[in-house]
Structure formats: structure tokens, C-alpha cells
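In what follows, a structure is listed as C-alpha cells, so that the remarks can point back to it.
What follows draws every value from the coordinates through simple rules; no lab data is involved. Keep in mind that what you see is a predicted model, and the values were worked out from it rather than measured. Cβ atoms come from the backbone with ideal geometry, glycine included; neighbour counts cover every protein chain shown.
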Amino acid sequence: MTDEQEMISAIECPSYLQYHFTAGSAPARFLTRLKQGVLTGQRCPRCSNVYIPPRGSCPACGVPTEDEVVLPDKATVQSFTVVAIPIPNNPIKPPFVVANLVLDGANISFIHLMSECDNSQVHIGQRVQAVWKPEQEWTYAMDNIRYFRPLDEPDVPVEKIGSLPVTGWEG
Amino acid sequence: MQEVAIVAFSQSDCLARAGAANEVELIMPQLQAVFGQVGLNNAQDVDFVCSGSCDYLQGAAFAFVSGVDALGAVPPIKESHVEMDAAWALYEAILKIRMGHAESALIYGFAKSSSGELPIVLSQQLDPYYLAPLWVDSVSLAAMQARLLLEQGLASERDMAEVVARSRRNALANPHARLSGKLSVEELLAQEMFVAPLRKADCAPVADGAAAMIICTAAKAREWGVPYALLSGIDHRIETHNLGMRDLTDSVSTRLAAEGAGLAGGVVEVAELYAPFSHQEIILSRALGLGEETVINPSGGVLAGNLMMASGLSRVGEVFRRIVDGGVSRGVAHATSGPCLQHNLVAVLESA
């Protein structure tokens with residue numbers, strides 16, 4: 001019984017499962033308005049924080065956020081990075097700017113792209129505004145906004161980022 | 001060792017499909033309900049949190065982490081998770097309390113299993129080398145188990161239909177049930193085969209939803225001033241994943257767990273058994289040695305509605321409710337996991 005056995009180093013068992021993913025009731029309300037070009041945050045009934053995109057709960061308090069707040073498309077740079085290397089399967093060619101942005105009237109940031117700017121001049125506290133795709137291309141996605149471009153407004157001091165009113169920044 | 005008390009329980013309706021709701025939206029109402037029963041604000045007011053869910057059902061790695069959004073975890077809390085039914089999250093929380101690491105704990109289980117094709121999804125949880133590539137689904141495995149019972153004369157199709165008829169009848173009093181009603185054994189036997197020898201009615205209807213529970217030391221329960229039941233014993237045992245090595249007509253692991261939990265120490269007035277298939281209730285009743293004096297599945301059990309990853313915890317909750325509200329003094333709750341009753345947990349509850 002000394003027949004040499006072929007070493008088994010791997011077996012192939014491809015598995016493919018199909019799911020009907022649902023984003024959630026609150027995200028669905030957000031996405032429905034987003035398709036109409038409206039940015040809708042949700043306010044926590046306890047701590048009053050406004051979340052966008054909303055997920056249905058205030059993670060800090062653990063309660064549903066059902067109070068909806070329409071927000072403008074102006075935001076402040078909370079943090080950013082300049083991507084200098086090509087990312088596999090990403091159609092965007094480097095160098096490009098990825099930024100953490102807080103919309104006026106919101107209390108948490110989301111990630112989006114910045115363009116129409118000098119990458120070396122991008123900075124924390126910088127004011128930006130959304131550049132939207134043409135209306136006929138709008139769908140249930142955050143890339144209805146192509147990117148954010150700088151605004152000619154005074155910078156927001158770091159300690160005020162994330163606490164601006166819906167009416168924006170007076171400087 | 002600390003005496004463990006159950007002070008609050010809530011479960012959602014068993015919905016065939018929860019619509020647009022995501023998992024966090026399924027969990028929050030149940031957490032709010034149990035916090036309300038005790039008078040707590042959120043998870044900051046308990047010492048430990050443990051949840052049970054299965055990422056396979058959501059089809060996303062680490063999907064359970066999103067559940068934390070329902071807790072109010074700012075500032076950070078002590079939190080843990082089991083990739084199982086939340087009955088095992090309860091077990092972990094009990095260990096924490098018995099070791100003196102916590103005085104109170106929140107436990108919750110949740111699933112939106114309607115997102116995928118559950119029997120097929122579960123087939124991929126099995127032994128990855130020999131079984132998963134065959135895609136043997138959970139219903140087919142249960143059907144093979146039922147066939148063994150029938151062929152060996154250990155149960156009849158009529159016995160199985162009687163389990164279903166009683167479940168549907170009991171579920172008339174359960175507002176969360178998905179299936180309830182008056183069906184005769186003859187009507188059930190007249191239904192066509194689904195996966196022979198199982199008819200559709202022999203299989204628990206899968207449901208989306210969540211359940212939550214708060215436990216604590218008996219001293220803490222008295223401090224909170226809420227009615228409570230004592231969890232006097234709990235144990236769980238698992239059998240080999242090799243189905244061919246198991247006696248599928250018996251549940252040795254359930255019997256051992258019952259011994260470990262001290263089930264034999266008194267009369268069992270009520271039993272809530274997690275039997276997703278009618279013949280499995282027969283196996284479990286025998287393994288637990290339940291007789292005439294025990295009311296089995298007064299809620300209708302999971303044949304009336306099966307909240308994946310929460311039904312085990314709900315069995316404990318159903319017994320708790322009957323002790324606190326219904327004058328029952330001692331009962332047993334059972335939870336199962338894996339194909340053909342592979343892994344079983346037994347908890348004994350007593351009035352305070």
C-alpha cells in the first residue's frame with residue numbers, strides 16, 4: 001500500500017446565494033427623496049443629532065429617528081485625503097480627493113468626492129457645494145451628486161464643524 | 001453563585017415578510033418594549049449585552065454589527081454576539097452574571113430570513129467538504145429524519161398531524177403567531193406532501209422579526225421592583241456534524257442538557273420546545289421525559305411562526321410569561337440549532 005497519493009491542496013465548491021436586500025424603511029425614505037434631488041436627514045428625538053444618510057436609528061441613543069429634516073447641499077470639509085494611486089476597478093483616475101463632509105444642519109459626516117479644486121489647497125473647514133448630475137440621470141444613489149466643489153465662503157473653525165444650522169455659515 | 005432572574009421579555013409578530021424594514025428597525029421596538037417593562041432608558045442601564053443572529057441570513061459578513069445601532073452604545077458598552085439563536089446569547093449572559101462580571105444583561109435575537117431562500121442558505125452552514133457542495137437543504141434533512149421515525153414505528157403521520165393541530169389551536173391565543181386556527185387531524189392528513197413524508201404544515205413557517213429579554217441577579221430584580229422568574233438551570237449539548245453517526249430518532253444532546261439543567265428536580269407544568277418540524281416535537285418530548293402533567297407549546301410553538309435566531313430565546317420568554325402572568329410555578333424551555341436537532345439547549349424556569 002505504498003501507492004503515492006496525489007496531494008489534495010484544494011477542492012472547488014462554488015457557492016452562489018441570491019438575496020433580496022432591503023435597505024430599511026428609513027433609508028428607503030431617504031433614497032426616494034434623493035431620487036428627486038432632495039437631501040433628507042433624520043433627527044434623533046432624544047439628542048437632536050441629525051443623521052444623513054439616515055439608517056433608521058440614532059446609534060448614540062438607540063431610538064428611531066422619524067423626524068425628517070430637508071438639508072441644503074452645502075457642506076464643510078471635516079477631513080480629506082488625496083488619492084494618488086489607481087484603485088483597482090475604480091473608474092476615477094488619480095489624483096482625486098475623497099472627503100468627509102458635513103452638510104449644513106447635519107451632525108455627522110458622509111464620504112464623497114471633491115473636484116473643480118486645486119488638490120493642494122483642499123483643507124479642513126473648507127466650504128463646498130454639491131455638483132449634481134443632470135436631473136434625468138437621478139436615481140436612488142448618492143452619486144446623483146457628481147462631486148462637491150469649493151465655495152467662496154470663509155472657513156469654518158474646527159470646533160464648529162458638524163454643528164452648523166440648516167441656514168449655513170455666516171462666517 | 002448568583003441566582004439569575006428574568007425580568008422582561010418581548011417578541012415581534014411573526015411576519016412572513018417584514019417589508020422594507022431592516023434589521024435595526026426590527027430590533028428597536030423589542031428593545032424599547034423590554035426597557036419599558038423594567039423602566040430602563042437604553043443599553044447603558046444594563047451591565048452586559050449579548051445578541052444572536054446569523055450573517056448567512058443577511059448575506060453579508062459582520063452584518064450583526066449593525067444591530068448595535070439599536071442599543072444606544074455611546075459611550076461604549078460591553079457587548080457580545082453569538083452566531084446562533086439568541087438562546088445561546090442568553091447562556092453567555094447567564095455565565096457573565098454567575099461569574100459576578102455583571103448584575104444585569106440585555107439579550108436580543110433577530111433575523112430577516114425572507115431576504116434569502118432559507119433552506120438553501122442553511123445548507124451552506126453545514127460541513128463544508130462533503131455536505132455543503134451537495135446543497136442538501138434543511139427541510140430535506142428533516143424529512144429524512146421523519147422517515148426514520150415512521151419506518152421504525154416510533155411515530156405515525158397521524159401523531160405528527162396531531163402535533164400540528166394542537167400547535168395551530170394553541171396559537172389562536174398567541175397574537176404574534178403567523179399560523180393559527182382549528183384544523184382537524186383528518187384535514188391535515190388530506191394535505192399533499194411537500195418534502196415526503198413532511199407536509200407543509202409539518203414545517204415551521206419562517207418569519208422575520210426579533211425578540212429581546214432582560215435578565216439580572218435576583219437581588220437586582222427586587223431592587224428594580226419588577227415581577228420575575230428564576231432561571232434555576234441551563235445547559236446545552238451538541239452532537240457530531242456527521243449525520244450518519246447520529247441516531248436521528250432520538251435526541252441524546254437534549255437528554256444530557258436536561259440532566260445538566262436539573263429538569264428532573266420537580267414537576268414540569270409547561271414546556272416550550274423549539275421544534276421546527278412536527279416530528280421533532282415528538283423526539284424532544286420523549287428526550288425530556290414529558291408526560292401528561294406537562295402542557296407542551298401553549299404558545300403554539302414555532303410551527304405557528306419561526307423567528308429565525310430569536311425563536312429559542314422566545315421559548316424561554318414564553319415560559320417566563322406564564323410564570324409571571326399565568327400562575328405556572330415551573331417550566332422548561334428548549335432551543336435548537338443545526339440540522340435535525342443537532343445542538344440543544346434546555347433551561348429550567350421557576351417562580352420566585
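Here the residues B:VAL7, B:VAL65, B:VAL324, B:VAL295, ranked from fewest to most Cβ neighbours within 10 Å of their Cβ, fall in the order B:VAL65, B:VAL295, B:VAL324, B:VAL7. For chain B, the longest principal axis of the C-alpha atoms and the axis of helix B:252-261 are separated by about 30°.
Comparing Cα centroids, the range B:294-352 and the range A:1-80 end up 34 angstrom apart. For the set B:LYS78/B:LYS220; A:LYS35/B:LYS112; A:LYS93/A:LYS160; B:LYS112/B:LYS220, the pairs lying more than 28 angstrom apart at their alpha carbons are A:LYS93/A:LYS160; B:LYS112/B:LYS220.
Whole-Hz Karplus values for the range B:47-60 come out as 7, 7, 10, 9, 10, x, 6, 9, 4, 4, 6, 8, x, 8 Hz, taken residue by residue from phi with 6.51 cos²θ - 1.76 cosθ + 1.60 and θ = phi - 60°; glycine and proline positions read x.
Mean sequence separation of contacting Cα pairs (under 8 Å, at least six apart), scaled by the length of chain B, corresponds to a relative contact order of 25 percent. A DSSP coil position with no more than 16 other Cβ atoms inside 10 Å describes the following GluC sites (Glu not before Pro) in the range A:78-171: A:GLU116, A:GLU170. In the elastic network of chain B, a GNM with C-alpha springs shorter than 10 Å, the most mobile of B:ILE215, B:ILE77, B:ILE94 is B:ILE77. Counting Cβ atoms of other protein chains within 10 Å of each Cβ in A:59-72 and taking the mean gives 4. The angle between the Cα long axis of helix A:25-35 and the longest principal axis of the Cα atoms of chain A comes to about 70 degrees, rounded to the nearest 10.
Helical content of the protein assembly as shown, expressed as a calculated mean residue ellipticity at 222 nm, amounts to -7000 deg cm²/dmol (DSSP H runs of 4 or more residues, -39,500 (n - 2.57) each, divided by residue number, nearest 500).
Each Lys or Arg adds one and each Asp or Glu subtracts one; over the other residues with Cβ under 15 Å from the Cβ of B:ALA271, this totals 0. Each peptide in B:108-121, B:9-22 gets a packing score, the mean of other Cβ atoms within 10 Å over its residues, and the list from highest to lowest is B:108-121, B:9-22.
If you restrict to DSSP beta bridges whose two residues both lie in chain B, what percentage is antiparallel, to the nearest 5? Here the antiparallel bridges make up roughly 70 percent for chain B. Per residue of peptide B:19-31, the mean number of Cβ atoms on other chains within 10 Å of the residue Cβ is 5. The relative contact order of the range A:20-71, computed from alpha carbon pairs under 8 Å that lie at least 6 residues apart in sequence, is 36 percent. Starting from the amide H of B:GLY116, placed 1.01 Å from N in the peptide plane, find each other amide H under 5 Å away whose residue is 5 or more places distant or on another chain. For B:GLY116, whose amide H was placed from the backbone, the distant partners under 5 Å are A:HIS20.
What does DSSP give for chain A in terms of the percent of beta bridges that are antiparallel, rounded to the nearest 5? Around 95 percent of the beta bridges assigned by DSSP in chain A are antiparallel ones. Other protein chain C-beta atoms within 10 Å of residue C-beta, averaged over A:6-13: 1.
Dipole size of the range B:229-351 about its Cα centre, with +1 on Lys/Arg Cβ and -1 on Asp/Glu Cβ: approximately 200 debye, rounded to the nearest 20.
Evaluated with a Cβ-only charge set (Lys, Arg +1; Asp, Glu -1), chain A carries a dipole of roughly 660 debye about its Cα centre, given to the nearest 20. Working from Cα pairs under 8 Å separated by at least six residues, relative contact order for chain A is 20 percent. Residue by residue, the range B:178-189 carries 3J(HN,Hα) couplings of 8, 10, 8, x, 9, 10, 7, 4, 5, 4, 5, 5 Hz when phi is fed to the Karplus relation 6.51 cos²θ - 1.76 cosθ + 1.60 (θ = phi - 60°); x denotes Gly or Pro.
Taking Cα centroids, how far is the range B:22-100 from the range B:190-232 in Å? The distance from the Cα centre of the range B:22-100 to that of the range B:190-232 comes to 16 Å.
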